[in-house]
Every structure is written in C-alpha cells, then in structure tokens.
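Below: the structure, in structure tokens.
What follows draws every value from the coordinates through simple rules; no lab data is involved. Model, not experiment: these values are computed from the prediction. Here Cβ is always computed from backbone atoms with ideal geometry, including for glycine, and neighbour counts include all displayed protein chains.
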Amino acid sequence: MLSVDKLGVAFGANPLFSDASFVINRKDRVALVGKNGAGKSTLLKILAGLQQPTSGNVALSRDASIGYLPQVMVISDDCTVMEEMDKAFAHINEFRERLERLKAEMASRTDYETEDYMELVEKFAHESERFEMIDGNNYRAEIERTLKGLGFVPTDFDRPTAEFSGGWRMRLELAKLLLQRPDVLLLDEPTNHLDIESIGWLETFLARSGSAVVLVSHDRAFINNVTNRTLEISCGKIVDYRVKYDEFVQLRAERREQQLRAYENQQKEIADIKDFIERFRYKPTKAVQVQSRIKQLEKIVPIEIDEVDNSSLRLKFPPCERSGDFPLICNEVRKDYGNHCVFHDVTLTLRRGEKVAFVGRNGEGKSTLVKCIMNQIDFAGELKIGHNVQIGYYAQNQAQLLDGELTVFDTIDRIARGDIRLKIRDILGAFMFGGEASDKKVKVLSGGERSRLAMIKLLLEPVNFLILDEPTNHLDMRTKDVLKEAIRAFDGTVVLVSHDRDFLDGLVSKVYEFGGGVVREHLGGIYDFLQKKNIDRLDALHTPAQAVKNDVPAEEAPSEGRLSYEERKARARQRRKLEKEVEEREQAVMTLESEKADVEAQLATPEGASDTSLFARYGEVTTALKKAEDAWAEALEALEAFGED
C-alpha cells in the first residue's frame with residue numbers, strides 16, 4: 001500500500017538516516033521507535049507527503065488515502081464541535097447533494113421510455129446503493145461514538161471549539177482523522193492528550209480499524225497493545241523488526257550482542273593486518289603481501305554498533321529526614337469554582353512510604369487536589385500535612401521557574417551534592433541532554449526540554465514526599481525507565497498523576513479514581529484497577545455522578561442515529577425542557593447571590609451593623625440560596641444523566 005525505496009534525509013552535513021527501504025501493507029500496525037532526534041517525526045512527515053526527502057522516494061497505491069496527526073498543529077476555532085466533525089464527512093454531504101440532483105432530474109423529466117432516462121435511473125440506483133454501503137444516513141451516530149470514546153459528553157457537541165483547551169482540541173483533530181477512515185494512519189504521539197479510558201478506547205478502535213497504522217509513541221503499553229511490527233531508526237539506518245515492541249527489545253539486545261562480537265573480531269582482524277604491514281613494510285621480499293594487506297584494510301567496512309541504552313543508569317534520591325507516619329490526611333475536602341463543584345467529601349489518608357496514583361478523565365480534579373495539597377488554591381474541609389514532611393512537587397509549570405540565564409549543566413551543578421556531582425554528565429545524557437546540549441542556556445530550550453530539566457532538578461533534591469503531575473509527558477521510554485527505577489527505590493511517599501499505565505505498573509499499590517465529583521479508593525496496582533473496571537463495567541469516567549456514587553453502571557441507550565424520527569423529536573423536546581430548567585434555576589441562584597452581596601454590603605456599614613432586620617434578611621437569603629443551589633445541582637445532574645442515556 002505504501003512503498004519506501006532507498007529513502008535518505010540529511011540536514012546540512014548531518015544525515016538522519018539513509019538507504020531506507022520498506023513496505024507498509026494493509027493491516028500492518030507499525031511502531032516507529034528511536035531516540036529523540038533520530039528522525040521519527042521527520043519520517044512521518046515524509047510519508048504524509050508534507051516534506052521531501054534528500055534522496056529516494058515514497059509511493060502510495062492508487063486510490064489509497066493517508067491521514068496524518070502531528071504532535072503540534074494549528075486548529076481553527078470558528079465552529080462548534082459537531083460542525084468540526086461534519087468536516088470529516090464532507091464527501092458524504094457531496095454524495096447526498098449528487099443524489100438530490102439526480103432525483104430532481106428524474107422528477108423533472110417525462111421521457112420515461114428512452115434509453116437516456118433508463119441510464120439515469122440506473123445511475124441513481126447505483127449511487128443510492130453506494131450511499132447505503134457507506135452508511136451515509138447514520139454517520140452522526142458514528143461521530144457521537146467517536147467523540148464519547150475520546151472523552152467528550154453530549155453537552156459538548158454544540159459548544160464552540162474555542163472554549164476547549166489545546167489538549168481537547170487535539171482530541172477533536174484525532175476524532176476527525178479517525179472518522180475519515182484513511183487507508184494509512186500516521187499518528188505522532190496520539191496519546192499525549194488522552195486519559196487512561198480514552199487511550200483504551202483508541203487501542204480498541206485501531207485494533208478493529210481496517211487502516212494500516214504507523215505511530216510514534218512513548219507509551220509502551222499502548223504500543224504493545226496496538227502494533228505488530230517495529231521500525232527502529234538507529235545509527236542512521238532503519239531496521240525492520242516484524243514483532244511488537246516487547247519482543248523487539250529482546251531481539252535488539254541480541255542484535256547488539258552480535259554486533260559487539262562482530263566488532264571485536266573486526267578490530268582484532270584490523271590490528272593483525274596493521275601489525276603485519278608495520279613489521280614487513282620495509283622488506284622488499286614482502287612488498288606484494290604488504291600491498292595486498294593495505295588494499296584489504298581499505299576494503300573493510302567498519303561495523304557500527306547500535307546506540308548504547310543509557311537507561312541502565314541508576315539514580316537515587318538523596319537521603320532526607322524521616323517524615324511522620326501520616327504525611328497527608330484529607331477530611332471532607334471540597335473544591336468549587338463558582339457554581340461548579342470539582343469534587344466533594346474527599347477523605348483519604350496516606351501512610352509514610354505509600355505510592356499511589358491519581359487517575360481519571362481530564363478536568364475531573366486530579367491536578368486541582370494536588371494544588372490543594374500544595375496550598376496553592378483555597379478549598380473547603382480539612383487537609384493536614386504530616387510532621388516533618390518535605391514535599392518535592394513536579395508540574396508542567398515548574399519548568400517556567402528555571403533561571404533562563406544559566407546553562408543546563410550549571411542548573412544541575414548548583415544543586416548537586418556529594419558523589420552525584422561526578423555523574424552530572426551521565427544524568428544529563430540519560431535525560432537527552434548529552435554532548436553540546438548540556439551547554440545550552442535554559443532560555444533557548446523548548447517546553448519539553450525545560451520540563452525534563454525541571455525533573456532532573458527534582459531528582460537531586462532531598463525530599464520525603466513526592467508529588468508528580470504527568471511526569472512522563474516529555475520523556476522517551478529509556479528515560480522513563482530511569483525515572484521509574486528512581487521512584488521505585490525512593491523510600492518516601494509518592495503521589496503520581498499519570499495516564500501512563502506502563503509507567504504506573506509496579507510503582508503504585510493504591511489508585512484514587514476521580515470522576516463525577518467524587519474520589520474513590522481502589523486497592524491494588526493500576527492493572528488491578530483497570531481489570532476491575534472492565535469486569536464490573538464501572539466505567540466511572542463516563543457515567544453520571546449518581547451512578548458513580550452508588551456503584552451502579554449506567555445503561556447504554558441507543559444513540560440518536562438508531563432512533564426513529566419521532567423518538568428523536570421527543571428526546572429533543574425533553575432535552576430542551578431540562579436545559580430550560582437548568583437555565584432558570586441557575587438564574588435564580590445568580591439573583592440570590594446578587595441579593596446576598598447587597599445585604600453583605602449594607603451590613604458592612606455602621607448603620608447596617610445595628611439593623612436587626614437586616615441580619616434576619618441575611619439569614620433568609622442565605623437559606624434560600626442554599627436551596628436554590630441544591631435545586632440547580634439536581635437539574636444539572638438530570639441533564640447530564642439524560643445526555644449519557
């Protein structure tokens with residue numbers, strides 16, 4: 001389907017890879033791997049036809065289509081979510097218009113017996129059959145399924161795309177790409193903006209898809225579950241392993257051992273030849289043999305060895321004072337943003353040495369609770385940090401706190417203590433700051449590079465309580481192994497906010513699930529948690545809050561695409577009724593809030609402070625506001641439950 005012949009790419013005098021030849025067949029699921037900077041994203045762009053290679057060519061089968069998802073893209077914000085999704089089905093709308101034109105032409109003509117009219121009828125029948133084959137009337141149902149799989153809820157469908165964050169807009173682009181069903185899917189880090197549930201849905205989708213897939217990802221579990229073939233860019237070459245990633249790792253290790261043995265044998269042969277040349281260079285009787293050896297030496301092609309896997313580097317957090325037995329205690333913690341409750345009644349206790357994961361859909365409050373722990377935002381309830389707790393906190397914005405005028409090396413050299421200072425270069429290399437990169441100033445680093453540097457800085461600080469918010473977002477698989485081993489050896493307490501199942505596996509003994517405004521505790525590792533959800537259908541990240549609270553799975557009703565016209569009209573009427581009720585109750589809350597603010601302003605004056613009737617009025621308004629907020633919450637919950645039906 002996609003053929004690559006003697007492909008080469010070079011930037012100036014530095015070749016990324018050369019003489020690469022391979023074929024992507026239908027149903028191939030290919031993982032493209034290699035260290036950062038090896039040329040993975042560049043190769044995807046070339047396959048997508050967006051960049052020209054230095055040499056060689058790429059050939060696509062006739063009538064085959066390619067879909068490409070880059071890591072970063074410019075997204076337009078001039079329409080709603082559903083209107084954006086409709087763009088993926090522009091061909092269906094064109095198809096429908098073509099059928100309408102044929103139908104109108106048939107209705108306007110009266111020459112029913114002519115051969116020309118019969119050809120028109122036959123063409124209409126043929127086009128109608130094709131339209132039915134592509135399920136042209138039910139594509140809205142497919143849009144809904146895809147959007148829900150990627151974490152959107154029905155109330156999002158009519159929202160402008162401009163209201164969503166960059167991560168959610170990237171999900172929209174992924175949804176649109178999947179709905180187009182191209183013959184070849186090229187995906188560059190598709191899981192970067194997905195939560196665990198959405199990643200699982202994408203795995204299932206790709207497994208059932210008829211498209212060939214070529215993907216770049218640092219999510220080892222995702223690669224293993226999706227791919228059946230691995231292309232590695234190493235030493236300027238592309239090596240094809242027709243196995244999934246875990247098997248590739250074993251084969252690569254065996255290949256490297258063979259390379260090392262061959263390299264050692266070659267070095268011995270070269271040494272022997274050079275020794276012969278030196279010994280007999282000036283003996284006339286050996287001149288022919290010496291010339292023969294010189295030619296033999298010139299013909300030897302040096303054996304290259306794959307890059308060394310520097311994940312064998314072991315990092316340990318520096319020793320720190322012992323914390324109290326309970327580093328963190330939360331009792332009925334609640335956080336509201338205006339009228340929106342992020343979570344409520346969060347009660348949990350972490351013991352010293354525990355390693356736990358915070359998981360859930362984006363926007364359910366994982367990072368918000370972390371900010372509460374760090375005392376960065378206000379909250380209701382009780383939250384206690386234990387005795388002698390020293391917190392090491394990593395979040396994406398930590399990278400912005402680095403001194404831009406320092407070099408990468410100086411940033412780490414200033415905090416390193418003891419013997420670890422002798423390993424700074426090795427540590428920087430493990431986190432992809434090898435060679436000249438360590439001499440760059442922080443201010444010229446990309447966002448991902450700054451994040452990695454902030455992670456190294458944290459690794460060298462003496463703490464006994466680690467809180468890491470999405471620590472693996474900018475790390476490749478080898479670097480993640482370094483970090484994972486460091487956390488595994490850490491004897492303090494750890495909270496990990498992450499969607500990376502492979503990274504969490506073997507690290508955490510407890511999972512806290514965020515969803516529907518509640519936080520639920522699950523004992524066991526991340527795969528115990530996922531298995532329990534699959535068995536019990538506790539799809540908590542997609543169910544209404546009440547279903548989560550009562551541990552009752554929400555029933556999956558038929559999508560609107562499978563309902564009759566009358567049923568759809570009835571559902572639309574019911575939705576409008578619920579939306580109106582939510583709007584009215586929200587307006588009532590806003591009115592009472594305004595009235596309460598007026599009364600508070602009057603009470604703040606000397607005259608108001610002595611007016612007993614004003615105090616009575618304040619109590620009445622406060623009580624009424626509480627009831628109005630409860631009523632609004634019930635109406636909103638009913639609307640959300642209806643949307644999930």
Just checking my list (i) 31.2, 113; (ii) 25.0, 80; (iii) 31.3, 124 against Rg and Dmax of the Cα atoms in Å computed from this structure; which label fits?
(iii)
Between the range 499-521 and the range 40-72, how many Å separate their Cα centres?
37
With the Cα gyration tensor of the range 1-40 giving a ≥ b ≥ c as the square roots of its eigenvalues, does the rule (a/c under 1.5 for rounded; else a/b larger than b/c for prolate; else oblate) give rounded, prolate or oblate?
oblate
Local charge sum around L60 (other residues, Cβ-Cβ under 15 Å, Lys/Arg +1, Asp/Glu -1)?
-1
Fully extended contour minus Cα-Cα distance, from E304 to N339, at 0.36 nm per residue
6.3 nm
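For the range 29-118, state which GluC sites (Glu not before Pro) are in a DSSP loop and have at most 15 other beta carbons lying within 10 Å of their beta carbon.
Those satisfying the criteria are E113.
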Env charge @ E405, Cβ radius under 10 Å, K,R +1 / D,E -1, value 0
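Counting Lys and Arg as +1 and Asp and Glu as -1, each charge on the Cβ, what is the dipole of the range 438-494 about the Cα centre in debye, to the nearest 20?
Values: 10 positive and 9 negative charges, 55 e Å.
Rounded to the nearest 20 debye, it is 260 debye.
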Say the dipole of the chain comes from +1 at the beta carbon of Lys and Arg and -1 at that of Asp and Glu; which of L507, F280, L466 then lies farthest toward its positive end?
F280
Run down the lysines and flag those whose C-alpha is under 24 Å from the C-alpha of K295, throwing out any fewer than 8 positions away in its chain.
K268, K274, K283, K286
How many angstrom lie between the C-alpha centres of the range 153-176 and the range 430-470?
31
Looking at the chain, which longest stretch skips every one of the chymotrypsin sites (Phe, Trp or Tyr not before Pro) that is in a DSSP loop with at most 11 other Cβ atoms within 10 Å, leaving the sites themselves out?
283-645
Sticking with the crude label model, points 7 Å out along Cα→Cβ, report the distance from A271 to A141 in nm, one decimal please.
7.3
Estimated 222 nm signal from helices in the chain, with DSSP H stretches of n ≥ 4 weighted -39500 (n - 2.57), rounded to 500:
-14500 deg cm²/dmol
Cα gyration tensor of the range 177-334, axes a ≥ b ≥ c as square roots of the eigenvalues: rounded (a/c below 1.5), prolate (a/b > b/c) or oblate?
oblate
Taking a cut-off of 25 Å between Cα atoms, list the lysines near K423, but don't count ones fewer than 8 places away on the same chain.
K35, K316, K440, K441, K443, K457, K480, K484
Cβ-based net charge around E278, under 14 Å, with every Lys or Arg adding one and every Asp or Glu removing one:
+4
Among trypsin sites (Lys or Arg not before Pro) in the range 344-427, those in a DSSP loop whose Cβ has at most 16 other Cβ atoms within 10 Å are R351, R414, R417
If you take every DSSP beta bridge fully contained in the chain, what fraction is antiparallel? Give it as a percent rounded to 5.
50
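Taking only C-alpha pairs under 8 Å that are 6+ residues apart, what is the relative contact order of the chain in percent?
Relative contact order here is 13 percent.
Averaging sequence separations of C-alpha pairs under 8 Å and six or more residues apart, then dividing by the length of the range 174-266, give the relative contact order as a whole percent.
Once normalised by length, the contact order is 21 percent.
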If I model a spin label as a point 7 Å beyond the Cα along the Cα-Cβ vector, how far apart are those points for F280 and T623 in nm?
11.3
In Å, the Kirkwood estimate of hydrodynamic radius for the range 366-433 over Cα pairs equals 15.1
I'd like the distance separating the alpha-carbon centroids of the range 195-220 and the range 321-383, in whole Å.
31
Of all DSSP beta bridges with both partners in the range 133-272, the antiparallel percent, nearest 5, is 50
Loop-only check: which GluC sites (Glu not before Pro) in the range 281-374 are DSSP coil with at most 15 other Cβ within 10 angstrom?
E304, E307, E321
Simple spin-label model, 7 Å along Cα-to-Cβ: V243 to D403 in nm?
4.9
Shape verdict for the range 114-244, please, from the Cα gyration tensor: rounded (a/c under 1.5), prolate (a/b greater than b/c) or oblate.
oblate
